[in-house]
Every structure is written in structure tokens, then in C-alpha cells.
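What follows is a set of notes on a single structure, which appears directly below.
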């Protein structure tokens with residue numbers, strides 16, 4: 001199946017401030033685009049639908065031998081890399097990985113909108129309904145696959161969005177996680 005795909009990357013920890021001031025998207029993160037086939041910033045087609053066909057888009061972030069840059073590939077197509085100056089210290093393996101969703105909320109006063117995350121379904125609605133990351137693997141400094149069990153779940157607005165760890169995938173190496181939710185005006189209400 002031919003899939004057209006573009007992605008948005010959010011990179012925390014650039015310049016080591018925990019993402020507080022240096023949150024950056026796409027090319028603002030010292031990302032060097034090398035592919036003219038797949039770009040960052042839009043959507044994938046075809047895409048999964050609730051109750052419909054479920055598509056997997058392989059995404060990898062890895063480091064090759066050579067310069068201390070981290071490559072991004074989508075569907076095994078290298079699309080570019082984060083320039084080594086994006087990080088204050090070069091490193092050969094990732095020691096902190098984050099996955100899931102993020103909702104950009106620009107409403108005045110910081111009150112939430114009806115912006116959904118992922119499909120808009122809650123994680124408890126299952127792997128084929130909520131946004132999911134399936135068969136997630138980390139790569140050790142040796143280059144070997146490593147099952148990376150989540151240590152923390154960070155949910156800032158549990159009334160509107162959540163996350164669920166499903167454990168090891170039954171059919172492929174790695175773990176499965178779902179995330180998302182419908183959003184809503186009452187996200188911040190206690």
C-alpha cells in the first residue's frame with residue numbers, strides 16, 4: 001500500500017532545560033531535512049479510523065556511527081537528523097524517551113478548548129480506537145533492540161486526556177501504549 005506521510009516532532013530537552021523554554025517543533029529544533037519524499041508538519045494518508053482500517057506507520061529515531069546526530073526515519077526512509085549542536089552534550093544512546101501526545105492550546109486565559117488528542121477516544125477504548133504506539137522498542141548503545149518499559153505516565157489533564165500501558169505486544173517485539181482523549185472545556189476543573 002502506498003502511504004503518503006508527514007510528521008510533526010516535538011523535541012524536549014534541547015539545550016537541557018527540560019523543554020521549559022526550548023520547546024521546539026520540526027525545523028525549529030535544528031532538524032536538518034534530507035528527504036524530499038517525506039516532510040515534517042502535516043498528516044499521513046491513508047490514516048486509521050475508529051472502527052475502520054488500522055494502519056501502522058513505522059517511525060524510528062536512531063544514531064549511526066559517525067557524527068553525533070540523531071536520524072529520523074519514516075517507513076524506513078531517512079528524512080533528516082537533529083544537528084549535533086542541538087544538544088549540549090553528545091551521547092551515544094537515549095536515556096530518556098517520551099512518547100504520546102501533546103495538545104497546543106492557545107485559548108485566552110489558558111482554558112481548554114474541545115481539541116481532541118489522537119482519535120479523540122480515551123486509551124481505555126483500546127488499541128484499535130485510541131491513538132496508539134505499537135511494538136515500541138528502544139535501541140541500546142550496542143545497536144541491539146531493547147524493550148523499554150515505561151517508568152512514568154505523565155497526564156496533565158486526566159479529565160480530558162489519558163494514557164494506558166498495555167504491556168508487551170502479543171505478536172511483535174516491543175510494547176503497546178494508547179493515549180488521547182476528546183478534550184473539553186472542563187479539563188482544568190477539579
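Numbers for the structure displayed
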| item | result |
| --- | --- |
| Leading residue by the ranking (modelled with the highest pLDDT) among those in the range 34-68 that are out of contact with any helix residue (DSSP H, G or I) (no Cβ under 7 Å at 6 or more places or on another chain) and more than 30 Å from residue 123 (Cα to Cα) | 34 |
| Residue 183 part of a loop (DSSP other than H, G, I, E, B), over 30 Å from residue 32 (Cα atoms) and modelled with pLDDT of 90 or more | no |
| Residue list for the range 73-85, restricted to those being more than 30 Å from residue 160 (Cα to Cα) and either at pLDDT below 75 or part of a strand (DSSP E or B) (or both) | 73, 77, 78, 79, 80, 81, 82 |
| Boolean, residue 139 is modelled with pLDDT under 80, in contact with a strand residue (DSSP E or B) (Cβ under 6 Å, 6 or more places away or on another chain) and farther than 19 Å from residue 54 by Cβ | yes |
| Single unsatisfied condition, residue 97 versus (1) loosely packed, with under 12 Cβ neighbours inside 10 Å; (2) at pLDDT 70 or above; (3) more than 17 Å from residue 133 (Cβ to Cβ) | (3) |
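The values are calculated or read from the model by the stated rules, or taken from the named source; none is laboratory data. Keep in mind that this is a model prediction, so the values were computed, not measured. Quick reminder, even Gly has a Cβ in these numbers, built from the backbone with ideal geometry, and neighbours come from all protein chains shown.
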